[in-house]
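See below for the structure under consideration.
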Amino acid sequence: MSAPFLFNTTEKNLPYILFYDNGDQVVPTHWHKELELSFILKGVARLLVNDEMYEVHENEAILINGGDTHFYFASTDHRRLVILVDLDIIEGSSSFVELKKELNTRLEMNEKTCSRWSEEDRNALIDIIGRLARLNDQNVFGRELLVRAMIFELLFLYSKDEYKVVEKRINYQTENKAMVKLQRVFNYIEQHYTEPITLDDIASEAGFNPSYFTRFFKSYTNVTFYDYLSNFRVSKAQYLLVQKPDMSISMVAESVGFTSVKTFNRVFLKCVKIPPTKFRKVNK
């Protein structure tokens, strides 16, 4: 599946970042090189990882491998803690190359969620997440050492032999025709977001009439199609604003499919909570 790469800004001296997300907006399909661990603090997270559907409940976590495409559905009454970490964090070990290769293999083959873990390991996971969260805003000597140690603990838990998937999961596209149609919509947006996209266009791509498509999309994603499209275009604009500082705001707006700077500024402010000019300034 085609999906945009997401550039992440981690800590200056550590390929790691921890942040919180209320989940009230769709996170468009994307991928990045870092591992992503989402720990559910409240409610339920619904997401697609490589076209497979997952539901992750309160006090559970899901680990998404670097390079895996993933999409978060919008959730109500929800909050999650997210950790992004590059496996380069283990660099320095005498067996770094072999260790990283084996870790990648195990993380690919093992369970992504902790729903079937032992109680002991689930409690260990919750404890590590809590310690990382408490350490997040502290600026104390040795913080980097502690973060690395706890990330190693997480990697150990997720790579244990007993959590290897014995039977290959059925691809969710063959399990649910609705997901096939959603993926067709997401792919179409990825390929055409720089152009005008009408409701008739996207409904036809999914094989529905516009009225039914509107209800279908909202029921599965919890947002309207136009809200999703706007959020997707804004996510593309964020990348351009940071990675192409010489590109004018009007050029950025046009490049991601907005027909006017005024509309772009209004939608960007609604999605990101700050205007694009300020976003570029604080992300220099």
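Before moving on, here are some points about what is shown:
- Two-decimal Rg to Rh for the stretch 206-270 - Kirkwood Rh, Cα set: 1.09
- 4 °C / 1.567 mPa s Stokes-Einstein diffusion coefficient of the stretch 167-284, Kirkwood radius on C-alpha pairs, µm²/s: 83 µm²/s
- Sum of -39500 (n - 2.57) over DSSP H runs of 4+, divided by residues of the chain (222 nm, nearest 500): -14500 deg cm²/dmol
- Global size of the stretch 75-154 as Cα Rg and Dmax, reported in angstrom: 14.7, 46
- Expressed as a whole percent, the accessible surface of the stretch 60-130 that belongs to carbon and sulfur atoms is 47, based on a 1.4 Å probe.
- Nearest-ten-degree value, helix 210-221 long axis tilted from longest Cα axis of the chain: 20 degrees
- Angle between the chain longest axis and helix 177-192 axis [Cα atoms, degrees, rounded to 10]: 70 degrees
- Among the listed pairs 42/236; 42/270; 177/218; 42/100; 244/284, those with a Cα-Cα distance over 22 Å are 42/236; 42/270; 42/100.
- Diagonalising the gyration tensor over the Cα atoms of the chain and scaling each eigenvalue by 5 before taking the square root yields semi-axes of 33, 25, 17 Å, largest first.
- Cα long-axis angle, helix 143-158 against the chain (0 to 90 degrees, to the nearest 10): 90 degrees
- Looking at the stretch 222-278, the accessible area is 54 square angstrom per residue; that uses a 1.4 Å probe and ignores ligands, DNA and RNA.
The values are calculated or read from the model by the stated rules, or taken from the named source; none is laboratory data. On a predicted model such as this, the values are computed, not experimentally measured, just so you know. Heads up: the accessible areas ignore ligands, DNA and RNA and are worked out on the full protein's heavy atoms, side chains in. Shrake-Rupley method; radii C 1.70, N 1.55, O 1.52, S 1.80 Å.
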